[in-house]
1. Given the options 38, 44, name the one that is surrounded by 11 or more Cβ atoms within 10 Å (Cβ to Cβ), at pLDDT 90 or above and assigned to a loop (DSSP other than H, G, I, E, B).
2. For the range 59-75, which positions are free of Cβ contacts under 8 Å to residues at least 24 places away in the same chain, part of a loop (DSSP other than H, G, I, E, B), touching a strand residue (DSSP E or B) at 6+ places or on another chain (Cβ under 9 Å) and surrounded by fewer than 15 Cβ atoms within 10 Å (Cβ to Cβ)?
3. Restricting the search to the range 76-106, which residues are without any contact (Cβ under 8 Å) to a residue 60 or more places away in the chain, assigned to a helix (DSSP H, G or I) and surrounded by fewer than 18 Cβ atoms within 10 Å (Cβ to Cβ)?
4. If you scan the range 32-54, which residues turn out to be touching a helix residue (DSSP H, G or I) at 6+ places or on another chain (Cβ under 9 Å) and closer than 10 Å to residue 100 by Cβ?
5. Which one of these is part of a helix (DSSP H, G or I), within 15 Å of residue 94 (Cα to Cα) and in contact (Cβ under 8 Å) with a residue 60 or more places away in the chain: 32, 56, 28?
């Protein structure tokens, strides 16, 4: 978990105590609850194979996003900077998007 200019963002390797959790989102929730005052602007970052972009966007719903295609066109990076009211809302987004094939959550 990192705060960048008042914005929170998550990297999968950041799960609280450095231990590998069976479900890393449990560690993330704990870290968010300890370090972020909600509501807060949270930055979600994903890299997805270009062919799976529509699937990812469907799971993000109405969240505002910016997309950028890789130079080779095989991948798309997607960033969403949005206000969340609780750590549960953050976890929900990661759980919904986890079914996208080839997705990397940063």
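The values are calculated or read from the model by the stated rules, or taken from the named source; none is laboratory data. Because the structure is predicted, anything quoted here is derived from the model rather than measured. Here Cβ is always computed from backbone atoms with ideal geometry, including for glycine, and neighbour counts include all displayed protein chains.
1. Working: 44 fails: assigned to a loop (DSSP other than H, G, I, E, B).
On inspection, the qualifying residue turns out to be 38.
2. Answer for the range 59-75, where residues must be free of Cβ contacts under 8 Å to residues at least 24 places away in the same chain, part of a loop (DSSP other than H, G, I, E, B), touching a strand residue (DSSP E or B) at 6+ places or on another chain (Cβ under 9 Å) and surrounded by fewer than 15 Cβ atoms within 10 Å (Cβ to Cβ): 64, 70.
3. Of the residues in the range 76-106, the ones without any contact (Cβ under 8 Å) to a residue 60 or more places away in the chain are 76-80, 82-89, 92-93, 96-104.
When the remaining residues are screened for being assigned to a helix (DSSP H, G or I), the result is 87-89, 92-93, 96-97.
Within the range 76-106, 88, 89, 92, 96 meet the criteria.
4. Within the range 32-54, 46, 48 qualify.
5. 28
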